1. Evaluate the distance, in nm, between pseudo-label points positioned 7 Å from the Cα of ASP102 and of VAL33 along their respective Cα→Cβ axes.
2. Given a Förster distance of 30 Å, report the FRET efficiency between ASN93 and SER15 from their Cβ-Cβ distance, rounded to the nearest 0.05.
3. Quick one: 3J(HN,Hα) in Hz for region 111-120, Karplus 6.51/-1.76/1.60 with θ = phi - 60°, rounded, Gly and Pro as x.
Amino acid sequence: MAIGTLALVNIFALSNRSYIWTRVCKFCWPAIVIISAIRAIIMIVELHRYEWDIVWECENGGQEWGTVAEAGNPSTTTMPNTICDPGWQTLFNIFIVALIIDLIFQIYMMFLNWRFSKRLEHYNEMKGPYHGGFYNA
């Protein structure tokens with residue numbers, strides 16, 4: 001939720017050339033990226049921790065781990081076969097790659113915000129295309 005909210009604020013700040021909101025985003029992005037990296041590590045550790053539970057569910061027809069069908073358990077929910085078909089290691093690798101891509105996008109947004117804030121800070125020193133501004137020697 002915080003990532004999406006900060007991304008929306010960043011979009012509005014960049015589109016309106018708002019110096020104040022660009023500075024707010026420049027201050028918030030590093031903390032959000034660090035929190036997201038810690039969250040990703042915790043998600044990977046927890047998924048690896050419950051690996052055998054997921055494998056057990058796949059081997060037992062998608063039945064929830066720890067439930068016994070013969071005991072009259074009224075739960076009819078099962079894990080979808082599309083999760084079990086590719087295999088555990090493939091799903092684990094895809095999940096890790098997706099988290100890394102998410103972090104890369106966040107770092108890229110942080111870079112875009114930093115670059116734009118530097119451009120706004122030096123806006124008065126910039127020269128336009130008229131009177132030899134781009135080709136000043």
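1. Distance between label points: 1.7 nm.
2. Numbers: r = 37 Å, r/R0 = 1.23.
Here the calculated transfer efficiency is 0.20.
3. Ordered by residue, 3J(HN,Hα) equals 5, 4, 5, 4, 5, 5, 5, 5, 5, 5 Hz.
Throughout, read-outs are computed from the coordinates displayed, never taken from laboratory work. A quick note: this is a predicted structure, and the numbers were derived from the prediction, not measured. Cβ coordinates were reconstructed from backbone atoms using ideal geometry, including for glycine residues, and neighbour counts include every protein chain displayed.
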